[in-house]
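Below is one structure; the comments refer to it alone.
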Amino acid sequence: MAYETIASLVNLGGLVLKNRIIFAPTSFGLPEERLLEKLRRIAAGGCAMIIVGDVPAGRSPFGSLYSARGFAWYRRLCEAVHREGCLICAQLHQSDSDLAGMVRYLPGILTKRYSMDQLRELLNQRVGPYISSLPAEKVAGITASFGSAAVLAGKAGFDMVQVHGDRMCGSFASPLFNRRQDRYGASVANRARFAVEAVTSIRRSLPDMPIDFKLAVRQEEPHYGNAGVLVEELPVLIPLLEQAGATSFHVALADHSRLSDTIPPANHPYFSGQGCFLRYADKVRSLTHLPVCGVGGLTDPDFVEKQLKSGRIDCAAMSRQLLADPDWPRKVTEGNTGAVRQCVRCNRDCLGGIQRHEGVHCVFDREQV
């Protein structure tokens with residue numbers, strides 16, 4: 001099978017990508033130097049763009065663009081990725097973790113007594129009360145910080161920014177967490193206001209910067225995802241984001257649930273197949289003419305080519321597959337698919353590594369030691 005569509009150019013908000021393969025935003029839990037080498041290696045494998053996950057929109061002790069050290073780190077990362085002929089995007093986010101409310105659990109966190117799923121459950125218990133009680137003036141200040149962060153991201157060398165539609169954006173969007181009755185709560189449009197203001201802030205600060213929006217979609221019957229918006233609410237949200245200045249959409253399952261739902265293994269009861277989240281991208285595609293990026297269990301070149309060629313999605317985002325074989329894009333576009341190490345979606349050392357507080361790895365890494 002030929003892979004002309006995978007290898008073809010695509011325009012995302014004025015930014016031209018050399019092919020249709022994007023490295024999806026990933027929380028690695030690795031030291032800086034090891035993370036730098038990991039992302040450099042993925043860039044060298046031929047993907048068109050890397051999305052760096054969880055870049056704080058505000059001042060943060062965890063890798064902030066606002067500090068001299070943090071800014072220097074992101075600049076080094078951008079330079080390393082660019083040297084490999086790859087573009088790079090900063091996923092801007094605002095945490096919805098009530099850190100003050102988590103102080104009582106600090107000893108257990110530091111000693112790694114809590115598993116990642118246990119820690120997520122503790123954090124999620126605090127999300128609703130926390131975001132529902134934030135003063136409106138403080139919320140407006142948080143959304144304004146996305147513009148400031150985007151300016152710094154551009155100066156550091158990022159080619160694009162993505163607004164993380166989960167985290168605080170997704171929590172405000174979901175009535176499961178958001179119990180506010182002011183301009184940030186109750187109606188779908190009001191619950192979407194946080195996300196819309198974040199995009200608006202970036203567009204005002206950077207009129208020409210491409211802005212991707214990670215759409216976090218939750219569903220019922222069966223229930224998956226707690227933050228984000230229901231499919232039925234997308235007709236309200238998408239036009240608002242377009243008007244605010246979003247130039248593309250990256251569609252995934254909403255978070256704030258089990259990690260094995262948003263990073264589903266091959267034996268997942270509901271998300272076991274190739275392109276497991278593309279059902280949400282289909283709805284987004286029906287509502288916008290902007291580029292749509294799909295994600296979730298995309299490993300097979302024939303399947304990916306078919307989705308791109310049909311116009312179902314414009315780009316394919318991968319994380320675990322490019323961890324298993326960073327050279328997937330180069331091998332596929334050169335027609336050497338027989339040499340691809342295909343991700344088996346076992347979650348043993350990628351998701352498992354995070355859960356064991358060891359950082360993200362791949363079972364195939366063991367073969368290279």
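The values are calculated or read from the model by the stated rules, or taken from the named source; none is laboratory data. None of these values were measured; they are calculated from a predicted model. Don't worry about glycine lacking a Cβ; one is built from the backbone with ideal geometry, like all the others, and counts go over all protein chains shown. What goes into the accessible areas is simple: the full protein's heavy atoms, side chains included, and nothing from ligands, DNA or RNA. Shrake-Rupley method; radii C 1.70, N 1.55, O 1.52, S 1.80 Å.
Under the condition of being out of contact with any Gly (no Cβ under 8 Å at 6 or more places or on another chain) and within 23 Å of residue 131 (Cβ to Cβ), the residues counted in the stretch 204-228 number 5. Looking across the stretch 316-326 at every residue that is in contact with a helix residue (DSSP H, G or I) (Cβ under 8 Å, 6 or more places away or on another chain) and outside any helix (DSSP H, G or I), the one that is surrounded by the most Cβ atoms within 10 Å (Cβ to Cβ) is identified as 316.
When each of 199, 217 is tested for being in contact (Cβ under 8 Å) with a residue 12 or more places away in the chain, within 23 Å of the chain's Cα centre (by Cα) and either over 24 Å from residue 258 (Cα atoms) or in a loop (DSSP other than H, G, I, E, B) (or both), the lone residue that passes is 199.
From the residues in the stretch 68-84 that are among the small types (Gly, Ala, Ser) and surrounded by 14 or more Cβ atoms within 10 Å (Cβ to Cβ), which one is farthest from residue 33 (Cα to Cα)? For the stretch 68-84, the residue satisfying everything is 70.
Looking only at the stretch 330-349, residues that are farther than 25 Å from residue 268 by Cβ, open to solvent by less than 70 Å² (accessible area, probe 1.4 Å) and either assigned to a loop (DSSP other than H, G, I, E, B) or among the charged types (D, E, K, R) (or both) come to 2 in all.
Got at least one residue in the stretch 132-139 being within 18 Å of the chain's Cα centre (by Cα), of a type in the set (A, V, I, L, M, F, W, C) and modelled with pLDDT of 95 or more?
So in the stretch 132-139, the residues within 18 Å of the chain's Cα centre (by Cα) come out as none.
No, because not a single residue in the stretch 132-139 is within 18 Å of the chain's Cα centre (by Cα), of a type in the set (A, V, I, L, M, F, W, C) and modelled with pLDDT of 95 or more.
Here 89, 78 are screened, and the one residue that is at pLDDT 95 or above and either over 30 Å from residue 124 (Cβ atoms) or assigned to a helix (DSSP H, G or I) (or both) is 78. Determine whether the stretch 157-179 contains at least one residue that is free of Cβ contacts under 8 Å to residues at least 12 places away in the same chain and either more than 17 Å from residue 53 (Cα to Cα) or not in a helix (DSSP H, G or I) (or both). Checked against the condition, which is being free of Cβ contacts under 8 Å to residues at least 12 places away in the same chain and either more than 17 Å from residue 53 (Cα to Cα) or not in a helix (DSSP H, G or I) (or both), the stretch 157-179 yields no hits at all. The set of residues in the stretch 1-14 that are open to solvent by less than 30 Å² (accessible area, probe 1.4 Å) and within 29 Å of residue 56 (Cβ to Cβ) comprises 10, 12. Of all residues in the stretch 220-238, how many are free of Cβ contacts under 8 Å to residues at least 40 places away in the same chain and either open to solvent by 30 Å² or more (accessible area, probe 1.4 Å) or closer than 18 Å to residue 184 by Cα (or both)? Matching residues across the stretch 220-238 total 5. Pairs are defined by a Cβ separation below 6 Å, a sequence spacing of at least 6 or placement on different chains, a first member in the stretch 249-272 that is in a loop (DSSP other than H, G, I, E, B) and open to solvent by 20 Å² or more (accessible area, probe 1.4 Å), and a second member that is of a type in the set (D, E, K, R) and at pLDDT below 95; the pairs so defined are 255/166. Among the residues of the stretch 144-175, the one identified as modelled with pLDDT under 95 and open to solvent by 10 Å² or more (accessible area, probe 1.4 Å) is 167. Taking the stretch 220-248 as the range and being in a strand (DSSP E or B) and more than 16 Å from the chain's Cα centre (by Cα) as the test, the residues that pass are 224, 230.
Would you be able to say whether some residue in the stretch 279-302 is small (Gly, Ala, Ser), open to solvent by 40 Å² or more (accessible area, probe 1.4 Å), farther than 27 Å from residue 119 by Cα and at pLDDT below 95?
Looking for residues that are small (Gly, Ala, Ser), open to solvent by 40 Å² or more (accessible area, probe 1.4 Å), farther than 27 Å from residue 119 by Cα and at pLDDT below 95, one finds none in the stretch 279-302, hence no.
Residues that are under 21 Å from residue 15 (Cβ atoms), of a type in the set (A, V, I, L, M) and in a helix (DSSP H, G or I): does the stretch 277-295 have at least one? Yes, the stretch 277-295 contains a residue that is under 21 Å from residue 15 (Cβ atoms), of a type in the set (A, V, I, L, M) and in a helix (DSSP H, G or I).
Those residues that are open to solvent by 40 Å² or more (accessible area, probe 1.4 Å), in a helix (DSSP H, G or I) and either in contact with a strand residue (DSSP E or B) (Cβ under 8 Å, 6 or more places away or on another chain) or not hydroxyl-bearing (Ser, Thr, Tyr) (or both), I need them from the stretch 127-143; list them, please. Step through it out loud before you land on a result.
So the first thing to find is which residues in the stretch 127-143 are open to solvent by 40 Å² or more (accessible area, probe 1.4 Å), and the list is 129-130, 133, 135, 137-138, 141.
With in a helix (DSSP H, G or I) added as a condition, the list becomes 129-130, 133, 137-138, 141.
Across the stretch 127-143, the qualifying residues are 129, 137, 138, 141.
Of all residue pairs spaced 6 or more apart or on separate chains, none has beta-carbon atoms under 8 Å together with a first member in the stretch 38-67 that is without any contact (Cβ under 8 Å) to a residue 24 or more places away in the chain and under 30 Å from residue 141 (Cβ atoms) and a second member that is surrounded by fewer than 24 Cβ atoms within 10 Å (Cβ to Cβ) and among the aliphatic types (A, V, I, L, M). Tell me, please, whether a residue that is outside any helix (DSSP H, G or I) and basic (Lys, Arg) can be found in the stretch 50-63. For the stretch 50-63, residues outside any helix (DSSP H, G or I) and basic (Lys, Arg): present.
Taking each residue of the stretch 318-334 that is at pLDDT 95 or above and looking for partners that are among the basic types (Lys, Arg) and in a helix (DSSP H, G or I) with beta-carbon atoms closer than 8 Å, six or more apart or interchain, yields 325/331; 326/41. Being buried (at least 23 other Cβ atoms within 10 Å of the Cβ) and in contact with a helix residue (DSSP H, G or I) (Cβ under 7 Å, 6 or more places away or on another chain) is a property that does not hold for residue 359.
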